[in-house]
Amino acid sequence: MNDFGRNTQKIIDLEALKSNYCAVASLAPKSNTIAVIKADAYGHGAIAVSKTLASIVPAFAVAFIDEALLLRTNNISTPVLLLEGPLAERDINLARQYNFWLMIHSTYQLDWLIAKDYPKDQPVWLKVDTGMSRLGFCKQQLSDVIIKLRNLGYKNLVLCSHCACADDINSTKTSIQSLQIKELANQYDLPLSLANSAGIISWPETYGEWNRLGIALYGVKCTNGHTDDSHINKHTDNLSLSQLQCKLKPVMTLQSSIIALRTIKAGEHVGYGNQWQAARDSIIATIAIGYADGYPRNVKTGTPVLINNTRAPLVGRVSMDMISVDVTDLSEVAIGDVVQLWGKELPVEIIAECANSINYELLTRVSARVKSVYC
Ligand SMILES: *Cc1c(COP(=O)(O)O)cnc(C)c1O
């Protein structure tokens with residue numbers, strides 16, 4: 001056993017992060033690729049991630065200003081785009097002071113900008129709603145907003161929107177959204193930004209002056225799981241989806257270790273509610289990770305964990321601090337053995353599917369009590 005107590009940690013591979021950024025950004029060499037590091041860099045640690053990427057990215061994007069201020073207090077001076085824009089009037093002054101780029105999606109934000117005499121040479125991103133109905137001006141509003149800002153002397157405007165269905169390679173929505181935003185960009189003669197990870201990887205028509213790369217940066221899948229990549233022939237450089245997804249390396253590996261082993265008889269039960277019953281005499285390993293660490297409570301029995309390079313099934317309910325795994329079929333197993341919950345050898349998508357969730361949610365929900373180890 002190790003000497004450092006509870007061995008539950010997320011190991012963050014910063015070289016993989018860098019290599020993923022370069023691999024995906026190279027698909028769209030004419031675009032500027034912004035690294036999206038909201039939600040503590042999708043659970044990977046915003047400070048370490050931004051320090052690793054600061055010298056190679058044109059800008060970072062976060063959801064709101066607190067996430068941006070964290071970068072400045074850690075001496076990262078790269079521009080930061082606030083994807084939800086200012087959420088209080090004082091955010092305008094802070095944005096000016098710290099060189100944050102504001103994405104404006106509602107008229108109340110526009111009013112603040114004007115009231116606070118926001119610098120005319122600062123970029124202002126204008127979000128337009130092209131069919132997600134979440135954030136953004138409608139087309140009629142947009143025209144008024146642009147006229148107003150231009151009359152006041154704002155020159156550095158960027159038009160942007162968000163893909164609703166880019167992860168679904170069979171959806172027609174993404175092409176419709178691309179056409180809409182391109183039409184508007186032409187009409188107003190503005191640079192545009194639409195693509196997220198799935199856009200960059202699967203939909204070249206979404207490329208703009210600025211692309212916004214999130215989930216793929218962290219080396220996990222961003223499409224709906226089809227490995228059929230025939231549609232990707234659209235890619236000018238012929239790099240296929242499966243080739244790219246091979247190049248992407250998972251950045252986070254979540255691991256723990258075995259803290260107890262026992263043999264139970266056929267017919268005995270495991271865990272809360274005694275939900276699982278052994279059909280044969282079984283060896284049960286208890287692993288030091290539970291839902292309080294961010295391991296999803298609703299995974300089903302049979303969800304794999306990796307022990308000594310072999311998959312073993314989780315059995316019974318996930319507890320707050322522990323899970324139980326049936327290791328009867330493993331040739332060798334001992335207290336202290338490392339257990340991978342997801343990561344390099346066990347794609348997080350598999351666990352997300354067992355939890356009826358998506359990789360985004362699992363990655364962002366690993367809790368603060370899990371130690372981060374950077375390599
Ligand atoms: C989170 C986010 C992104 C990144 O999306 P991914 O699917 O993680 O690449 C891009 N744009 C906006 C507005 C976002 O909120």
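FYI, it's all coordinate maths here, none of it is from the lab. Everything numeric in this text was worked out from a predicted model, so none of it was measured. A quick note on method: Cβ atoms are made from the backbone with ideal geometry, for glycine too, and the neighbour counts reach across all protein chains shown.
With K and R counted +1 and D and E -1, the other residues having a Cβ less than 13 Å from that of Ser319 yield a net charge of 0. Just list whichever of Lys182/Lys221; Lys38/Lys120; Lys30/Lys221; Lys116/Lys139; Lys116/Lys155; Lys127/Lys247 have alpha carbons separated by over 21 Å in the model shown. Beyond 21 Å between Cα atoms: Lys182/Lys221; Lys38/Lys120; Lys30/Lys221; Lys116/Lys139; Lys127/Lys247. Loop-resident chymotrypsin sites (Phe, Trp or Tyr not before Pro) (DSSP state other than H, G, I, E or B) in the range 1-68 with no more than 14 further Cβ atoms inside 10 Å of their Cβ: Phe4.
The packing ranking of peptides 143-151, 194-202, highest mean first, is 194-202, 143-151, where packing means the average number of other beta carbon atoms within 10 angstrom of each residue. Roughly how far apart, in whole Å, are the Cα centres of the range 260-322 and the range 47-103? Result: 42 Å between the Cα centres. Normalised by residue number, the volume inside the convex hull of the Cα atoms of the chain is 149 Å³ per residue. Among residues other than Ser197 with Cβ under 10 Å from its Cβ, the summed charge is +1 (Lys and Arg +1, Asp and Glu -1).
Beta bridges from DSSP with both residues in the chain: antiparallel share about 50 percent, rounded to the nearest 5.
Rounded to the nearest whole Hz, the Karplus-based 3J(HN,Hα) values (6.51 cos²θ - 1.76 cosθ + 1.60, θ = phi - 60°) of the range 326-342 follow the sequence 7, 10, 3, 8, 7, 6, 9, 8, 8, 4, x, 4, 6, 10, 9, 8, 6, with x at glycine and proline. Looking at the range 239-318, the trypsin sites (Lys or Arg not before Pro) that sit in a DSSP loop and have at most 10 other Cβ atoms within 10 Å of their own Cβ are Lys265, Arg280. Sites listed here are GluC sites (Glu not before Pro) in the range 284-375 whose DSSP assignment is loop and whose Cβ has at most 12 other Cβ atoms within 10 Å: Glu332, Glu345. Kirkwood's formula applied to the C-alpha pairs of the range 1-60 gives a hydrodynamic radius of 13.0 angstrom.
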